[in-house]
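K.L.:
One structure, as structure tokens, below. Some questions next.
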Amino acid sequence: MEGPPRRSLAASGQELVTDWGAVVIDGIVAIGDLGLFCMRTISWMLTRLPRRETLLPNFYQVGVMSLPVVALTGTFIGMVLAVQSYGQFRQLGLETRLGAVINMSLVRELGPVLAATMLAGRVGSAMAAELGTMRVTEQIDALSSMGANPIHYLVVPRFLACLFLIPTLTIMADFMGVVGGYFFTVEVLGIDKHHYWHNSEQFVGVFDLLSGIFKSFFFGAAIAMISCYRGFNCMPGAEGVGRAATAAFVYSFVLILMIDLFLGVMINAVYDTFWPEGVSLL
Amino acid sequence: MSDSSATTREQTPLVAVQDVHVTFGSQSVLRGVTLTVPRGQTLAIIGESGCGKTVLLKTIIGLVRPTTGLVRFDGYNLAELSDRELTRQRVRFGYVFQNAALFDSLTVGQNVAFPLRQQASESPSQIRELVFARLAEVGLPKSVISKKPAELSGGMRKRVGLARALIMNPELMLYDEPTTGLDPIMSDVINELMLRTRKQHDVTSIIVTHDMRTAHKVADRVVMIYPVGRLESAEPQLIFDGSPGELETCGDRRVLQFVRGEAGERLTEMQQTFSDRDL
Ligand SMILES: Nc1ncnc2c1ncn2[C@@H]1O[C@H](COP(=O)(O)OP(=O)(O)O)[C@@H](O)[C@H]1O
Ligand SMILES: [Mg+2]
């Protein structure tokens, strides 16, 4: 397929141009396709909620089964933050302010992003592999042939589970992070407990906590849509399923970072309009 | 309903495939296929692996959209139906998938009951009765109902798939390679079940197979598909259409090779690739 405009562009280095052209076109087609997939999911979700017996197993898989890894992730982020900030803050003589910096980074940024990353690996890949297997073994076709809609039956419950449970798990990661950071700073590094909490309270507000949770709704939606889409469009064979699972994680992760940047800028703009004077650490 | 409209209904073929082309990317799988299946007929579609038999079957029930051309089921153009209407029409089909396509996460009982649950018109006890009846019909004991599909043998899975496809009393049964991968005895059991299904439920059937015994025993009509890649550009893709008895007396060498299971010129092609690689 060589249209006239591309041929004239391709006078020199045609190969490169056509290759890149193909990549760009494929990318645009894939994004359009994904957009359509999301719209169909949302329209089915609004038409009719899935039954309890299809919702519950998905909520269990996403919510309950992820608790241990998310708790572990949260605890370690808190402790690692303590280790990393301690040295530099001590040089400045600000080690009593550690609580502020640890808890602020945790609830605004690292808790939501790392919990979502962990869940993209645990939940996203599993969903892509499961739906991919169903595609490869014709179970998705079987659903349609028996008068069920695969998007309604398979995607909507997974989307709802991720949308509501990933923010919940993020709250839990935040909590465990606060506990981990406190434990390491106060019990191991020996910073005064009173100062630690006092500084945390002074600098970390409800806005910070909510902004992190707000972002995690978008992370949850992104993980669900990317993973289900990859599973639905799985290539044949065991290799196809493996690729779908890997791609689900990689694309979810990239999208999480992009959403994080975009929403971060937006949230800062909102913050600046409401609290223009800001709060200084010093 | 007046007499005249009743006869026109009888006369419309249940399935009419009109000049259907299916292309995946640059690969043409079906090219100008035209096929009508009258009510009550049992049609076998034969052809080598990869020639597009499954794709044709899926096009007939609207799982694959034709790139061009159209498929009519009982007069309805499937491409024009809304999602909701298509769902309603699909209840009139029963599709037995090649590897059964049972839902791994559900038990056998839940699998067989699945189409009924989607309609939600029967009570749970009625559903149970129907599931037992269908399983008995395909010769499976009541005890399988709580097993997971992974615990069953290939022949049992096929039969569960058949029971699931039959539970809505479909008018059209589609079988995708029902005997492939089964031992000769189990293959014959499946053949008998297909014959019995036809007698008891008065269905129209389309059987995709490359098992000649099935074609001879069960079908009243056989069509053979040939891969597009091996055809000249003007040749039709359906290279045989007739009764099973006519297969043996057919003048087309390609049909005879398939029926008798002879590699023919494929051997010389293989030789060619080997010597090409040596060079
Ligand atoms: N969804 C699809 N996407 C791309 N290619 C496909 C798809 N389904 C089938 N094909 C291709 O179409 C050809 C015919 O496949 P199929 O109908 O499954 O053959 P068979 O006659 O063995 O059932 C194969 O070459 C297969 O690779
Ligand atoms: Mg096939």
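The values are calculated or read from the model by the stated rules, or taken from the named source; none is laboratory data. If you're wondering where the values come from, they're calculated on a predicted model, not measured in any experiment. Because the Cβ atoms are built from the backbone with ideal geometry, glycine has one as well, and the counts that use them run over all protein chains shown. Ligands, DNA and RNA are stripped out before the accessible areas are found, and what is left, the full protein with its side chains, is counted by its heavy atoms. Shrake-Rupley method; radii C 1.70, N 1.55, O 1.52, S 1.80 Å.
K.L.:
Ordering A:52, B:266, B:128 by accessible area with a probe of 1.4 Å, largest first, what comes out?
P.N.:
Result, largest first: A:52, B:128, B:266.
K.L.:
How much area per residue is accessible in segment B:2-247 when the probe is 1.4 Å and only protein heavy atoms are counted (Å²)?
P.N.:
43
K.L.:
Another question about this same structure. If you restrict to DSSP beta bridges whose two residues both lie in the protein assembly as shown, what percentage is antiparallel, to the nearest 5?
P.N.:
Roughly 50 percent of the DSSP beta bridges within the protein assembly as shown come out antiparallel.
K.L.:
Then there is this: With all protein chains present and a 1.4 Å probe, how do A:192, B:176, B:211 order by accessible area, largest first?
P.N.:
Ranked list, largest accessible area first: A:192, B:211, B:176.
K.L.:
If you take all C-alpha pairs in segment A:30-74, what percent of them are over 15 Å apart?
P.N.:
Values: 640 of 990 pairs.
I get 65 percent for the Cα pairs in segment A:30-74 exceeding 15 Å.
K.L.:
Dimensions of segment A:193-270 along principal axes (Cα, Å, largest first)?
P.N.:
That works out to 59, 31, 14 Å along the principal axes.
K.L.:
Same structure, new question: Residue A:150: net charge of surrounding residues, Cβ under 12 Å, Lys/Arg +1, Asp/Glu -1, itself excluded?
P.N.:
Working: positive: A:40, A:135, A:158; negative: A:138, A:141, B:83.
Its environment carries a net charge of 0.
K.L.:
Please report the net charge: other residues with Cβ closer than 9 Å to the Cβ of residue B:112, K and R +1, D and E -1.
P.N.:
+2
K.L.:
Could you work out, residue by residue across A:145-155, how many beta carbons of other chains sit within 10 Å of that residue's beta carbon, and then give the average as an integer?
P.N.:
6
K.L.:
Sorted by average packing, counted as other Cβ atoms within 10 angstrom per residue and highest first, what order do A:235-248, A:36-49, B:42-55, A:125-138 take?
P.N.:
Peptide ranking by packing, descending: A:125-138, B:42-55, A:235-248, A:36-49.
K.L.:
What does the charge count around residue A:244 come to, taking other residues whose C-beta lies under 13 Å from its C-beta (Lys +1, Arg +1, Asp -1, Glu -1)?
P.N.:
Details: positive: A:135, A:230, A:243; negative: A:130, A:239.
With Lys, Arg at +1 and Asp, Glu at -1, the net is +1.
K.L.:
Could I ask something else about it? In peptide B:110-117, what is the residue-averaged number of other protein chain Cβ atoms found within 10 Å of each Cβ?
P.N.:
Mean partner shielding for this stretch: 3.
K.L.:
Averaged over peptide B:74-83, how many Cβ atoms belonging to another chain are found within 10 Å of each residue's Cβ?
P.N.:
Counting Cβ atoms of other protein chains within 10 Å of each residue's Cβ and averaging gives 1.
K.L.:
At the nearest 100 Å², what buried accessible area, both sides summed, do you get for A and B when the probe is 1.4 Å?
P.N.:
The buried area between A and B, both sides summed, comes to about 1600 Å².
K.L.:
Then there's this: Taking the Cα centre of segment A:55-274 as the origin, how large is its charge dipole in debye, to the nearest 20, when only Lys and Arg (+1) and Asp and Glu (-1) carry charge on their Cβ atoms?
P.N.:
180
K.L.:
Follow-up. For the protein assembly as shown, which whole percent of the accessible surface, found with a 1.4 angstrom probe, sits on carbon and sulfur atoms?
P.N.:
61
K.L.:
Mind checking which of A:78, A:88, A:179 is farthest towards the positive end of segment A:71-218's charge dipole, using Cβ charges of +1 (Lys, Arg) and -1 (Asp, Glu) about the Cα centre?
P.N.:
About the Cα centre, the residue reaching furthest to the positive side is A:88.
K.L.:
To continue, here is another question. Give the residue from A:211, B:162, B:60 lying farthest towards the positive end of the charge dipole for the protein assembly as shown; charges sit on Cβ (+1 for Lys and Arg, -1 for Asp and Glu) and the dipole is referred to the Cα centre.
P.N.:
B:162
K.L.:
Moving on to the next point. Quote the charge dipole size of chain B about the Cα centre in Debye, to the nearest 20; the model charges only the Cβ of Lys and Arg (+1) and of Asp and Glu (-1). Can you show the working numbers first?
P.N.:
Details: 33 positive and 33 negative charges, 201 e Å.
Dipole about the Cα centre, nearest 20: 960 debye.
K.L.:
What's the extension gain from residue A:24 to residue A:64 if we count 0.36 nm per residue and subtract their Cα-Cα distance?
P.N.:
10.4 nm
K.L.:
When N counts the residues of chain A, how does its alpha-carbon radius of gyration compare numerically with 2.2 N^0.38 Å, as a ratio?
P.N.:
That ratio works out to 1.22.
K.L.:
In Å², what does the accessible area per residue of chain A work out to with a 1.4 Å probe?
P.N.:
Here the per-residue accessible area is 52 Å².
K.L.:
About its Cα centre, how strong a charge dipole does the protein assembly as shown have in debye, to the nearest 20, once Lys and Arg get +1 and Asp and Glu get -1 at the Cβ?
P.N.:
Result for the protein assembly as shown is approximately 1180 debye, rounded to the nearest 20.
K.L.:
One-quarter of the Cα convex hull surface for the protein assembly as shown, in nm²?
P.N.:
On the way: hull surface 154.5 nm².
For the protein assembly as shown, the mean projected area of the Cα convex hull comes to 38.6 nm².
K.L.:
Determine which aspartates and glutamates satisfy two conditions relative to residue B:217: a Cα distance under 14 Å, and not lying fewer than 8 residues away in the same chain.
P.N.:
Within reach: B:188, B:192, B:246.
K.L.:
How much solvent-accessible surface does residue A:193 expose, in Å² to the nearest 10, with a 1.4 Å probe and all protein chains in place?
P.N.:
Its accessible surface works out to 110 Å², give or take rounding.
K.L.:
Give the ranking of A:96, B:273 by solvent-accessible surface, highest area first, calculated with a 1.4 Å probe.
P.N.:
Accessible-area ranking of A:96, B:273, largest first: B:273, A:96.
K.L.:
Additional query: Between B:200, B:233, B:174, whose Cα lies farthest towards the positive end of the dipole of the protein assembly as shown when Lys and Arg beta carbons carry +1 and Asp and Glu beta carbons carry -1, centred on the Cα centre?
P.N.:
My answer, from the dipole projection, is B:200.
K.L.:
Let me ask something additional. Output the direction-averaged projected area (hull surface divided by four) of the convex hull of the alpha-carbon atoms of segment B:157-279, in nm².
P.N.:
Hull-based average projected area comes out at 10.3 nm².
K.L.:
How are the C-alpha pair distances of segment B:2-247 spread across 5 Å bins, as whole percents from the shortest bin up?
P.N.:
1, 6, 13, 17, 19, 16, 13, 9, 4, 1, 0, 0
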